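The values are calculated or read from the model by the stated rules, or taken from the named source; none is laboratory data. If you're wondering where the values come from, they're calculated on a predicted model, not measured in any experiment. In this analysis, Cβ positions are derived from the backbone assuming ideal geometry, glycine residues included, and neighbour counts consider all displayed protein chains.
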């Protein structure tokens, strides 16, 4: 298969101890292409679902990055590290809270909350990664991390075997579970860090589906799992969309904010269009001219 013919996505079960970027190497070698990207970084110590986009599908990464996610994690109460995970150095110690205290505090971290990302993270500050700046510091907490709003849809204490608390988190994009562990502990007047993290879902894609690393095509099921509605169009409209014709003359649906477009006769994925202020605009045209 030629490189320019390779396109789709692969569901990976990332292992602990390797970076998200390194997890893609096996795919690149197997498919003989360097055009592979992931859709949301997992920390090196973390495990779980990672979606790799291959070939032309890599251009669709923004639509995968915007998804909510689900995690299982373990918080170790009593010590906080500079990285907020088990790979860092201990910078503070505190008491071990009671289970009742943890249960009582969790509602404060559900819904829309303001959160400071970890100093050791991929967030960029003045063009440089926060983690790179943090490693150059001689003392912790010298980097100003701007708080940002994230949403925690569900936060559950699954079990507690002091000092370890196993939690389930369903959250929006951009939520750091390491920061959540830190902030929960601070609200209890103590310290903590995350010792394990497993991502189980990205939108409706499940870790259980990542048992084999097969290349999947972009079909209707893909966009259903991304919560993106789809529309089938005639061959004529499909050709017009590929040629960049004005969308307001082609698409009448105004209630949707975004649509994945498919050619009705062949079920080929054509592209994504977005409704901005009731005007349809091109998001990304995926189909190749020779398909039509």
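What's the number of the condition residue 160 fails, among (1) surrounded by fewer than 18 Cβ atoms within 10 Å (Cβ to Cβ); (2) farther than 24 Å from residue 40 by Cβ; (3) in the same structural domain as residue 115 (by TED's automatic domain parsing)?
The failed condition is (1).
I need the full set of residues from segment 68-99 which are under 29 Å from residue 284 (Cβ atoms) and buried (at least 20 other Cβ atoms within 10 Å of the Cβ), in order please.
Residues satisfying the conditions are 69, 70, 71.
Condition first: closer than 21 Å to residue 47 by Cβ and either modelled with pLDDT of 95 or more or surrounded by fewer than 15 Cβ atoms within 10 Å (Cβ to Cβ) (or both). Now tell me which residues in segment 174-183 satisfy that.
175, 176, 177, 178, 179, 180, 181, 182
So residue 178 ticks every box in (1) touching a strand residue (DSSP E or B) at 6+ places or on another chain (Cβ under 6 Å); (2) assigned to a loop (DSSP other than H, G, I, E, B); (3) on the phi < 0 side of the Ramachandran plot but one. Which box is left unticked?
(2)
Identify, by number, the condition in (1) surrounded by 19 or more Cβ atoms within 10 Å (Cβ to Cβ); (2) more than 30 Å from residue 83 (Cβ to Cβ); (3) assigned by TED's automatic domain parsing to the domain that holds residue 10 that residue 272 doesn't meet.
Every condition holds for residue 272 apart from (3).
Which is in contact (Cβ under 8 Å) with a residue 12 or more places away in the chain, assigned by TED's automatic domain parsing to the domain that holds residue 110, surrounded by fewer than 15 Cβ atoms within 10 Å (Cβ to Cβ) and closer than 28 Å to residue 119 by Cβ, of 189, 198?
Only one candidate passes the filter, namely 189.
Take residue 33 and decide whether it is surrounded by fewer than 16 Cβ atoms within 10 Å (Cβ to Cβ), modelled with pLDDT under 95, under 29 Å from residue 271 (Cβ atoms) and not assigned by TED's automatic domain parsing to the domain that holds residue 188.
Against the criterion (surrounded by fewer than 16 Cβ atoms within 10 Å (Cβ to Cβ), modelled with pLDDT under 95, under 29 Å from residue 271 (Cβ atoms) and not assigned by TED's automatic domain parsing to the domain that holds residue 188), residue 33 does not qualify.
Which one of 118, 140, 107 is outside any strand (DSSP E or B), under 20 Å from the mean Cα position of the chain (by Cα) and either at pLDDT 60 or above or farther than 21 Å from residue 71 by Cβ (or both)? If you could, list the steps in order and put the result at the bottom.
On the way: 140 fails: under 20 Å from the mean Cα position of the chain (by Cα); 107 fails: under 20 Å from the mean Cα position of the chain (by Cα).
Checking each option against the conditions leaves just 118.
Mind checking which residues of segment 235-255 are closer than 14 Å to residue 287 by Cβ and touching a residue at least 12 places away in the same chain (Cβ under 8 Å)?
Of everything in segment 235-255, those that are closer than 14 Å to residue 287 by Cβ and touching a residue at least 12 places away in the same chain (Cβ under 8 Å) turn out to be 235, 237, 238, 239, 241, 242, 244.
Go through segment 202-254 and give me each residue that's assigned to a helix (DSSP H, G or I) and surrounded by 19 or more Cβ atoms within 10 Å (Cβ to Cβ).
Within segment 202-254, 207, 222, 223, 237, 238, 241, 242, 247 meet the criteria.
Kindly evaluate residue 268 against the criterion of being at pLDDT below 95 and under 19 Å from residue 55 (Cα atoms).
yes
So, in segment 1-42, how many residues would count as being in contact with a helix residue (DSSP H, G or I) (Cβ under 7 Å, 6 or more places away or on another chain) and in a loop (DSSP other than H, G, I, E, B)?
7
Quick one: which residue in 201, 227, 211, 193 is under 28 Å from the mean Cα position of the chain (by Cα), under 27 Å from residue 48 (Cβ atoms) and at pLDDT below 95?
Only one candidate passes the filter, namely 211.
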